[in-house]
Amino acid sequence: MTTGWSLYVIFLVVLNIAATTWLLWWTARKRKSDGNTTETTGHVWDGDLTEYNKPLPKWWIILFYLTILYSIGYLIWYPGLGNFAGTSGWSSAKEHDAEKAEADARLAQAYGRFDGMPIDQIAKDPEALAFGSRLFANHCAMCHGSDARGAKGFPNLVDNDWQWGGSPDEILTSILQGRQAAMPPLEAVLGGSVGVTEVSAYVQSLSGMKTDPALAAAGQARFAVCAACHGPEGKGNPALGAPNLTDDIWLYASDFETIGTGIRMGRNGMMPAHEPIIGETRTRIAAAYVWSLSHGDKAAAAPTP
């Protein structure tokens, strides 16, 4: 905080301590009495119940003074007076870093034996899959779903269709480094809305869906623009993240309107890099779990997240 705000906070803290000390002294002082009457607060209930105005017991007063002394010592030892850091050097950031270092050391001990191991080998270890399922639940399920079956715009991870390749190394790379999929808007390149309609019909025909033959034939000629990424047969290119258009698996949906929207406006899909988030080894364990979901015959039975 600025020096002005720091001085303001210090002033308020000192004022509160001083005011509390004075109030304690004032309420504990001896009252003057003529010896014949007892001072009261003036409050009377039920006609004859009068509240006396007597000092607090000394032992109680002493405890209050001790709490004030404790608060002063606390403010000297720990930060609490504006920008004054305290004589102990303690800070919440240092405590967080120390606790994090301790937790990281325990995790490194638990995960250390999986360092650098191929994910298809990690997937054969039941304990690793248990770790991976929890990592998946914490870091992946919000996009891909708790059952890993994905949603519109988020790939299904339990089938064998992989936009960026499904080998162990390719899956690991996707999770470690992230992916950026970009399909540019093509309406202008395809000749306007008519071109988008024709190419949409042709794309539907590639996967065997019923569509207008004339539109599909016209779209085939325009598809040359799309073939640069999806290939001349529409089978995709994992190196570019261009999906296969000839199967029945669709990331955004297969209806005519959704396909046309993708061609007209383009698509942008981003998979964040998880190595900076959870580290290389934990990312490797999560990748092993993901790989096991579609390779159950080659991996140990995976526990449910």
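Check whether at least one residue in the range 220-233 is in a helix (DSSP H, G or I), in contact (Cβ under 8 Å) with a residue 60 or more places away in the chain, open to solvent by less than 20 Å² (accessible area, probe 1.4 Å) and over 23 Å from S294 (Cβ atoms), and report yes or no. Explain how you work it out, then say what you get.
Step one: of the range 220-233, the residues in a helix (DSSP H, G or I) are 220-222, 224-230.
Of the ones still in play, those that are also in contact (Cβ under 8 Å) with a residue 60 or more places away in the chain are none.
Within the range 220-233, none of the residues are in a helix (DSSP H, G or I), in contact (Cβ under 8 Å) with a residue 60 or more places away in the chain, open to solvent by less than 20 Å² (accessible area, probe 1.4 Å) and over 23 Å from S294 (Cβ atoms).
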E187 being open to solvent by 40 Å² or more (accessible area, probe 1.4 Å), within 17 Å of T258 (Cα to Cα) and modelled with pLDDT of 95 or more: yes
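Checking the structure you have, find out if any residue of the range 16-32 is touching an Asp or Glu at 6+ places or on another chain (Cβ under 9 Å), open to solvent by 80 Å² or more (accessible area, probe 1.4 Å) and modelled with pLDDT under 80.
Going through the range 16-32, the residues touching an Asp or Glu at 6+ places or on another chain (Cβ under 9 Å) turn out to be 31-32.
Now restrict to residues that are open to solvent by 80 Å² or more (accessible area, probe 1.4 Å): 32.
Next, only the ones that are modelled with pLDDT under 80 stay: 32.
Scanning the range 16-32 turns up at least one residue that is touching an Asp or Glu at 6+ places or on another chain (Cβ under 9 Å), open to solvent by 80 Å² or more (accessible area, probe 1.4 Å) and modelled with pLDDT under 80.
Are any residues in the range 234-269 among the small types (G, A, S) and open to solvent by less than 60 Å² (accessible area, probe 1.4 Å), and if so, which ones? Even if it seems obvious, please write down each step before you answer.
At the first step, the residues of the range 234-269 found to be among the small types (G, A, S) are 234, 236, 239, 241-242, 253-254, 260, 262, 266, 269.
G234, G236, G241, A242, A253, S254, G260, G262, G266, G269 - these are the residues of the range 234-269 that are among the small types (G, A, S) and open to solvent by less than 60 Å² (accessible area, probe 1.4 Å).
I need the helices (runs of 4 or more DSSP H) fully contained in the range 238-299, keeping only those with at least 3 residues that are out of contact with any strand residue (DSSP E or B) (no Cβ under 9 Å at 6 or more places or on another chain) and closer than 18 Å to R149 by Cα. Walk me through it before giving the result.
Details: elements: 256-265, 275-278, 280-293.
Where helices (runs of 4 or more DSSP H) fall fully within the range 238-299 and carry at least 3 residues being out of contact with any strand residue (DSSP E or B) (no Cβ under 9 Å at 6 or more places or on another chain) and closer than 18 Å to R149 by Cα, they are 280-293.
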Members of the range 109-125 found to be open to solvent by 60 Å² or more (accessible area, probe 1.4 Å) and either β-branched (V, I, T) or not in a loop (DSSP other than H, G, I, E, B) (or both), listed by number: Q109, R113, Q121
Residues that are without any contact (Cβ under 8 Å) to a residue 40 or more places away in the chain and touching a Lys or Arg at 6+ places or on another chain (Cβ under 8 Å), drawn from the range 177-192: G191
The range 266-281 residues that are over 24 Å from P185 (Cβ atoms) and at pLDDT 95 or above, paired with ones that are of a type in the set (D, E) and open to solvent by less than 30 Å² (accessible area, probe 1.4 Å) (beta carbon under 7 Å, 6 or more apart): none
Lone unmet requirement of (1) modelled with pLDDT of 95 or more; (2) outside any helix (DSSP H, G or I) for K210: (1)
Candidates G47, G89, filtered to the one that is assigned to a loop (DSSP other than H, G, I, E, B), under 30 Å from Y8 (Cα atoms) and open to solvent by less than 90 Å² (accessible area, probe 1.4 Å): G89
The range 61-76 - residue that is in contact with a helix residue (DSSP H, G or I) (Cβ under 9 Å, 6 or more places away or on another chain) and aromatic (F, W, Y) and, of those, surrounded by the fewest Cβ atoms within 10 Å (Cβ to Cβ): Y65
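The values are calculated or read from the model by the stated rules, or taken from the named source; none is laboratory data. These numbers come from a predicted model, not from an experiment. Counting neighbours? That spans all protein chains shown, and the Cβs are built from the backbone with ideal geometry, glycine included. Heads up: the accessible areas ignore ligands, DNA and RNA and are worked out on the full protein's heavy atoms, side chains in. Shrake-Rupley method; radii C 1.70, N 1.55, O 1.52, S 1.80 Å.
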